[in-house]
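Worksheet: one structure, shown below.
Computed from the coordinates by the stated procedures, all read-outs in this text should not be read as laboratory data. The model shown is predicted, which means the values in this text are computed figures rather than measured ones. Note: ideal-geometry Cβ built from the backbone for every residue, glycine included; neighbour counts use all protein chains shown.
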């Protein structure tokens, strides 16, 4: 097991079992991370700081692919989070970013990214991969985009998981 072959995976746990699964995986000798968010809770008689999992039902493990079947056998583990038919891999820099962010801030909120009309996106998969587009319409898990890189507006319907919101919120002019 060479260190450089280890990757971060996302484990999906039973609801409210994140800390328990973290402890069980840690006891098995795996490198595991359960991001905890420091929150202020108020009861009728007191206010107290508590640590709650940042991502509900998720724990991150750093392991080699051969260790993954053993992880599924741990009590409280339901499965891995999958992306394109394989266990999702999280980049080391993303885990470090989460760690640093939680060190600097308390009471952090996690919000899913929602695609909106006129958002600029880059298509991540398929024939139109790496093309920039403008969202024309959002339909459940699909999005209609306009691609104008050839001087014409090509309209395509793309799965939302296959687009990435661009950092700049510029709007493509379709006229």
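Scan 108, 127, 135 and give me the residue that is surrounded by 12 or more Cβ atoms within 10 Å (Cβ to Cβ) and in a loop (DSSP other than H, G, I, E, B).
108
Tell me, which residue of the range 24-55 that is in contact with a strand residue (DSSP E or B) (Cβ under 9 Å, 6 or more places away or on another chain) and not in a strand (DSSP E or B) is nearest to residue 98 (Cα to Cα)?
Taking the candidates together, the pick is 35.
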- Take the residues in the range 59-87 that are under 16 Å from residue 18 (Cβ atoms) and assigned to a loop (DSSP other than H, G, I, E, B), then tell me which one is nearest to the chain's Cα centre (by Cα). 81
